[in-house]
Each structure stands twice: as C-alpha cells, then as structure tokens.
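The values are calculated or read from the model by the stated rules, or taken from the named source; none is laboratory data. A quick note: this is a predicted structure, and the numbers were derived from the prediction, not measured. FYI the Cβ positions are ideal-geometry reconstructions off the backbone, even for glycines, and counts take in every protein chain you see. Just the protein is used for accessible areas: all its heavy atoms, side chains included, with ligands, DNA and RNA removed. Shrake-Rupley method; radii C 1.70, N 1.55, O 1.52, S 1.80 Å.
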Amino acid sequence: MKLQSVILYGIGVILLIFGNKEFFENLKEEKELAKEKERQALEAENEKKKSFEVQKLEYDSAKSEWRNPNFYFQIVNVGNVNFKALKKNAKVQLETNDDEKASESK
C-alpha cells in the first residue's frame, strides 16, 4: 500500500467520525435518557420501600368514641348535584330610553 492512500483513508475515517455532528448528539441524548431511566427506577424503588403511614386512634371515654388527633381529609359523596342551578345567568338586560326597549315601570 502506498503511504498516500493510507493517509487519505485515515483522514476519511476521521472526517466520517468527527464530521458527523448528529452522531455525537444522538450518543449524548442516549446517555441522558439512560441516566434518566436509571434515576426514575431508583426513585420508584425508594418509593416502594416506604412504609404506610400509621396513625394512632385515641379513645374518648367521655363521649365513648374513637378519635383521630391527626389532621386528615375525607371524601364525602353528596349524590346528584344540580350544576345548572349553580351557574350564573349570563343574560343581562340593559334599560334605555328608546321607545322599543323602555320598560313600563313608573
């Protein structure tokens, strides 16, 4: 082989690798996606290891009932709600002095 063809072949390989910007951008994106997936998996594993919240109930002997001293939220179903009755009426009537639109109030 001639030295010139080896040098040209080497230059061609270098230009092929380092001249392709998208190759390195794709490689960088793949690494970031892999890190993100690993972080999400680690976070999911940590969430899975957490135990349930336990609250202590106290017995109120005066009222003969159990009480929870901690704040908590409770969902209450109220049944069917008439949402149309809760909406405001969008009709607005303007009174003017025109003969056609004047009201009959004195």
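I'd like the FRET efficiency for residue 45 and residue 72, computed as 1/(1 + (r/R0)^6) with the beta carbon distance as r and R0 of 30 Å, rounded to 0.05.
So, using R0 = 30 Å, E works out to roughly 0.60.
Averaged per residue, what accessible surface does the stretch 12-91 expose to a 1.4 Å probe, in Å²?
111
Heavy atoms only, probe 1.4 Å: what % of the accessible area of the stretch 1-83 goes to carbon and sulfur, would you let me know?
C and S fraction of accessible area: 59 percent.
Convert each backbone phi in the stretch 45-55 into a coupling constant with the Karplus relation 6.51 cos²θ - 1.76 cosθ + 1.60 (shift: θ = phi - 60°), then list the ³J(HN,Hα) values in order as whole Hz, x for Gly and Pro.
5, 5, 5, 5, 6, 5, 8, 6, 6, 10, 10
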